[in-house]
Amino acid sequence: MKNVYVDVLDEIKDAIAENQPVVALESTVIAHGLPRPYNLDTAQRLQDIVRSNDAIPATIAILDGIVKIGLTNDELEQLANADNVIKVSRRDFANVVTNKLTGATTVASTMIAASWAGINIIATGGIGGVHRGSDLDVSADLPEITRTSMIVVCSGAKAILDLPATLEWLETYGVPVVGYGVDELPAFYSQSSGILLDIKADNALEVAELWKNHNELGMSGGMLVTVPPPSKEALSSTEIEIAITSAIDDAVKHNVKGKHITPYLLEKVKKFTKGDSLKVNMALLENNAYIAALISKSISDTG
Ligand code: PSU
Ligand code: MN
């Protein structure tokens, strides 16, 4: 689907037409996931990393009602420094376009827009999932992965979530979850979750093969490729768990709900870890962009 509300950068259009590697990058992490000035720095670094590994970066956002697939440096800066940026998921597209608003795209909405442009891979930090506790809060990222044919490279679901419940959800709806060089689901801030995975790929080429067969078998929907955070910055599960529990207690106390809960918890965890969670978040975003570029290149080389 292409329409007057979608604007794809020429270099991305050309790369897709020539079957060259393109990696989509989401923008909620820029507008809501990371504090200034780290957000703009990281967004630029992610694009540079993708580019220096022979793929074209396509950061996606909605500016004044236009869905931008690929942002110029000025647009990236504008988004990183704007106030009142809407966090856009599937349900929000029509509203943001109709009212010419500015929005940052989550994993779910980035997948939707990326697929309009023919892109087949996105890199992020951690996907949304099933939240802890008794409220039925399930991220729109999960159903989107069942609908949209795309590889999602991430460090698992964010550890503020209920990871076993998230993995069960993905199993129920038939989403392949691949460990990249590991046989355990990474836990975003830390390398291990104790949850074993059934599918392992040791390198980008093996992911490309899985993806090719996923499509040749006529499987609809996406595939999750989970990459552990770099060991230098990764935190131990016990140290991060204390921060997460305190953050959730605070959120309950202040009645934070809906789309505000994820950014709230990330910010609180950052505070309780004295910035260590921010360091690992930025490091894993960079590493995931790197791995996504390698996978994208393997797909275009073998396709
Ligand atoms: N990864 C990060 N930081 C983030 C996100 C991912 O390292 O802030 C964002 C993604 O855009 C993801 C969103 O789609 O968090 C999930 O939000 P929710 O739980 O409200 O669906
Ligand atoms: Mn939610």
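Tabulated data for the structure shown
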quantity: Cleavage-rule hits, trypsin sites (Lys or Arg not before Pro), segment 1-70, DSSP coil, Cβ neighbours within 10 Å at most 15; calculated: K2
quantity: Eligible aspartates and glutamates near K200 by straight Cα distance, threshold 20 Å, same-chain separation 8 or greater; calculated: E168, E171, D183, E184, E209, E216
quantity: Stokes-Einstein D for segment 1-119, Kirkwood Rh over Cα pairs, 25 °C, 0.890 mPa s (µm²/s); calculated: 175 µm²/s
quantity: Charge dipole (segment 123-303, unit charges on Cβ, about Cα centre) - positive-most of F188, V227, S296; calculated: F188
quantity: Considering only segment 1-119, percent of DSSP beta bridges that pair antiparallel, nearest 5; calculated: 40 percent
quantity: Net charge of Cβ neighbours under 10 Å - reference M111; Lys, Arg +1; Asp, Glu -1; calculated: -1
quantity: DSSP H segments from the chain that extend 30 Å or more along their own axis, Cα-based, with Kyte-Doolittle mean of 0.5 or above; calculated: none
quantity: Cβ charges +1 (Lys, Arg) and -1 (Asp, Glu), total dipole of segment 1-119, debye; calculated: 480 debye
quantity: Gap separating the Cα centres of segment 243-266 and segment 8-55, nearest whole Å; calculated: 29 Å
quantity: DSSP beta bridges in the chain [antiparallel fraction, %, rounded to 5]; calculated: 30 percent
quantity: Among P263, P186, P228, residue whose mean-square fluctuation peaks in a GNM of the chain (springs only between Cα atoms under 10 Å); calculated: P263
quantity: Quarter of Cα convex hull surface for segment 123-303, i.e. mean projection, nm²; calculated: 9.7 nm²
quantity: Residue pairs, from the table K158/K253; K13/K259; K158/K274; K13/K100, whose Cα atoms sit over 28 Å apart; calculated: K13/K259
quantity: Relative contact order (%) - criterion: Cα under 8 Å, at least six apart; region: the chain; calculated: 20 percent
quantity: Range of Cα positions in segment 105-182 per principal axis (Å), largest first; calculated: 38, 30, 22
quantity: At most 12 other Cβ within 10 Å, DSSP loop - trypsin sites (Lys or Arg not before Pro), segment 132-237; calculated: K232
quantity: Bridge type composition, segment 123-303 - antiparallel percent by DSSP, nearest 5; calculated: 25 percent
quantity: Convex hull volume of the chain per residue (C-alpha atoms, cubic angstrom); calculated: 121 Å³
quantity: Magnitude of the charge dipole, the chain, Cβ model with Lys/Arg +1 and Asp/Glu -1, debye to 20; calculated: 700 debye
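Every number here is computed from the coordinates shown, using simple stated rules; none is lab data. This one's a predicted model, so the numbers in the text were calculated from it and none came from an experiment. Cβ: placed from backbone, ideal geometry, glycine included. Neighbour counts: every protein chain shown.
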